[in-house]
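Chemist: The structure under discussion is supplied below as structure tokens; questions concerning it will follow.
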Amino acid sequence: MNNPSIRQLAIAIYTVNRHAKTAPDNRTLYMLKKRALEKLITCGKAEKIGLHFVDNPKYSRQYSTLLIRCDDFLFHTIPEKDDFNTLPHLGLQDQSFRNPQERMNLNMAKELLNQYIGITPLKNIKKLPITKKSIHHLQKENRFRSSYLDGQ
């Protein structure tokens, strides 16, 4: 996919976002979503709609998220300071709206978004070999002397 459509990018973001909600370590997925949305907004292919209160705030502290529209999809992300001054606050989230149910392979979605934002995935980067120091080398350095291992 050399030149993905806006719809394909929106489906990819939707897929990454859906998987991020259940992933044990979701930081990279949310970062990918955020960078893709930022680029879409900068290019004029997505728009900031307003601010919403979070449904289940942590530690009972109310805070807001930024609502972004891309094609037929709506996404929430962390707002910037300027957003509070320039965008309307829409109050509580509309529970009746749901994004279209689309399916895309997670690896395909990540590859599409990485390509769009210009990041080289780590799997394409050649890994340097890991060199392990032998026990004999460590003993010569006198770092990890143990009477248990040396039999003393």
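Rundown of residues vs (1) touching a Leu at 6+ places or on another chain (Cβ under 8 Å); (2) over 19 Å from residue 11 (Cα atoms), yes/no style:
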residue: 39; (1), (2): no, no
residue: 44; (1), (2): no, no
residue: 54; (1), (2): no, yes
residue: 57; (1), (2): no, yes
residue: 70; (1), (2): yes, no
residue: 89; (1), (2): yes, yes
residue: 97; (1), (2): yes, no
residue: 108; (1), (2): no, no
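Chemist: To continue, here is another question. Within segment 19-52, can you find the residues that are farther than 23 Å from residue 105 by Cα and touching a strand residue (DSSP E or B) at 6+ places or on another chain (Cβ under 6 Å)?
Modeler: Scanning segment 19-52 gives 47, 48, 49, 50, 51, 52.
Chemist: When segment 77-122 is examined, which residues are found to be touching a strand residue (DSSP E or B) at 6+ places or on another chain (Cβ under 8 Å), of a type in the set (Phe, Trp, Tyr) and open to solvent by less than 100 Å² (accessible area, probe 1.4 Å)?
Modeler: The answer is 97, and nothing else.
Chemist: For residue 33, are the conditions met, namely being surrounded by fewer than 20 Cβ atoms within 10 Å (Cβ to Cβ) and either in contact (Cβ under 8 Å) with a residue 40 or more places away in the chain or under 20 Å from residue 103 (Cα atoms) (or both)?
Modeler: The answer is no for residue 33.
Chemist: I would also like to ask the following. Please state which of the following conditions residue 4 fails to meet, knowing it meets all the rest: (1) surrounded by 18 or more Cβ atoms within 10 Å (Cβ to Cβ); (2) touching a residue at least 40 places away in the same chain (Cβ under 8 Å).
Modeler: Failing condition for residue 4: (1).
Chemist: Scan segment 21-29 and tell me whether some residue there is under 20 Å from residue 93 (Cα atoms), touching a residue at least 40 places away in the same chain (Cβ under 8 Å) and not hydrophobic (A, V, I, L, M, F, W, C).
Modeler: no
Chemist: Quick one: would you say residue 84 is among the aromatic types (Phe, Trp, Tyr) and either touching a Phe, Trp or Tyr at 6+ places or on another chain (Cβ under 7 Å) or part of a loop (DSSP other than H, G, I, E, B) (or both)? First the steps, then the outcome.
Modeler: Details: among the aromatic types (Phe, Trp, Tyr): yes; either touching a Phe, Trp or Tyr at 6+ places or on another chain (Cβ under 7 Å) or part of a loop (DSSP other than H, G, I, E, B) (or both): no.
Here the answer is no, as residue 84 does not meet what is asked.
Chemist: For segment 36-68: of the residues being open to solvent by 100 Å² or more (accessible area, probe 1.4 Å) and either modelled with pLDDT of 90 or more or of a type in the set (Lys, Arg) (or both), which is farthest from the chain's Cα centre (by Cα)?
Modeler: Among those residues, the one meeting the criterion is 61.
The values are calculated or read from the model by the stated rules, or taken from the named source; none is laboratory data. Every value quoted in this text rests on a predicted model; they were computed, and no experiment measured them. Cβ sites come from the backbone with ideal geometry, for glycine too, and all protein chains shown count toward neighbours. We work out accessible area using only protein heavy atoms, side chains counted, and drop any ligands, DNA or RNA first. Shrake-Rupley method; radii C 1.70, N 1.55, O 1.52, S 1.80 Å.
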